[in-house]
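Structure first, commentary second.
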Amino acid sequence: MTTIATTPNQAYAQSLSRAVKVNWQVEDIIGGDKRLDFSKRFMPEVLARVNDITCLSEAEKLILNQIRGNSYLHMFGLVEEFIVPSVLDHVKATGLSDITATQALLHFAEEESKHIRLFRRFAEEFEIGFGSRCDGIGPIKEIVDAVLQHRPLGVMLIILYIEWMTQYHYLASIRDNAIESLDFQFCSLLRNHWLEESQHTALDTLMVKHLVQQLEPSEVEAGVEDFFKLIEFLNGGLMGQVQLDLESLSRATGRTFTELERQEILSVQEKSYHWTFIGSGLTHTQFVATFKQVSPAQQQRLFQVAEMYC
């Protein structure tokens, strides 16, 4: 069987101990007097990349940035929808031999469920304040079902890279961003999400390692192959979201874009989505390190795929 050095069981206890210290509720983050400020951008430019679109006015770039903020959380909310059943399935498969690990993983699933509710609450607030409809890819259940048809190792690797990607986004472009005047409420939401997700990367890594220990080498490679298939599947969804964002922008501005304008917007935004949701995660040093342990033979392929989205 494939062998990966295990993390001591104390890691579950440490993760659980840190997680329970972060105790926020959805109502603490958004709703009531905690309103989004639609006079400000939501997303940092490095993630939204609207400034390079020459056919848009500054007011239109602000609108597109806010649309991107809405889509950003829609994508993460969608991911949470398949994280929860994946974690619960892992708990069922491993049993109750390590009750601390079970408790830590169930707490993980509970937090992800809370994040789903947080993002749905945001979507309600966004719809109230934005003024026009913004669509997200779906139906969510069909997308989740399609993801969960793949092998658990492939799904867990996707989850791990997305969790590390979330960490990178907040730490690198939001937490200490003194240059851009971003909406306080949106940044607060991302901060609180990050506080809990920072524990999840450790648990995701433990689950990946546990899965690998139970599999024959050929089964590990099959799971890795599913991971790459899921990257392609994710990219298809992202490109669909780019199209929906353009339609949302047209509705919000009341503007019919020429074919040249459409192509410019789509070109810039496709590159933005590639980096934001794929490239920045696949190149994260922590994810690369874990992937190397799982499948050293496929590491060069990982680098080649990442280059396509950077």
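The values are calculated or read from the model by the stated rules, or taken from the named source; none is laboratory data. Nothing here was measured: the structure is a model prediction, and the numbers come from that model. All Cβ positions, even for glycine, are placed from backbone atoms using ideal geometry, and neighbour counts span all protein chains on display.
Of note:
- Any hit, region 268-291, residues being small (Gly, Ala, Ser), farther than 30 Å from residue 60 by Cβ and at pLDDT below 95: no
- Only one of 79, 50, 26, 46 that is of a type in the set (A, V, I, L, M), more than 30 Å from residue 265 (Cα to Cα), surrounded by 13 or more Cβ atoms within 10 Å (Cβ to Cβ) and at pLDDT 80 or above: 26
- Check on residue 128, surrounded by fewer than 16 Cβ atoms within 10 Å (Cβ to Cβ), within 30 Å of residue 32 (Cβ to Cβ) and either hydroxyl-bearing (Ser, Thr, Tyr) or at pLDDT below 95 (or both): yes
- Verdict on residue 210 being farther than 13 Å from residue 160 by Cβ and either aromatic (Phe, Trp, Tyr) or buried (at least 16 other Cβ atoms within 10 Å of the Cβ) (or both): no
- Once region 82-92 is narrowed to residues that are of a type in the set (A, V, I, L, M) and in contact (Cβ under 8 Å) with a residue 24 or more places away in the chain, the residue that is surrounded by the fewest Cβ atoms within 10 Å (Cβ to Cβ) is 84.
- Filtered residues of region 132-150 (kept if out of contact with any helix residue (DSSP H, G or I) (no Cβ under 7 Å at 6 or more places or on another chain) and either of a type in the set (S, T, N, Q) or not in a helix (DSSP H, G or I) (or both)): 138, 139, 149
- Unmet criterion (only one of (1) crowded, with 22+ Cβ neighbours inside 10 Å; (2) touching a Lys or Arg at 6+ places or on another chain (Cβ under 8 Å); (3) closer than 12 Å to residue 152 by Cα) for residue 222: (1)
- Residues within region 54-76 that are more than 29 Å from residue 208 (Cβ to Cβ) and surrounded by 20 or more Cβ atoms within 10 Å (Cβ to Cβ), tallied: 9
- Boolean, residue 203 is free of Cβ contacts under 8 Å to residues at least 60 places away in the same chain, touching a Phe, Trp or Tyr at 6+ places or on another chain (Cβ under 6 Å), under 22 Å from residue 148 (Cα atoms) and of a type in the set (A, V, I, L, M): no
- Residues in region 166-178 that are of a type in the set (A, V, I, L, M, F, W, C) and either buried (at least 23 other Cβ atoms within 10 Å of the Cβ) or under 12 Å from residue 200 (Cα atoms) (or both): there are none.
- Within region 167-211, if we keep just the residues that are within 25 Å of residue 295 (Cβ to Cβ) and among the polar types (S, T, N, Q), the residue that is farthest from the chain's Cα centre (by Cα) turns out to be 205.
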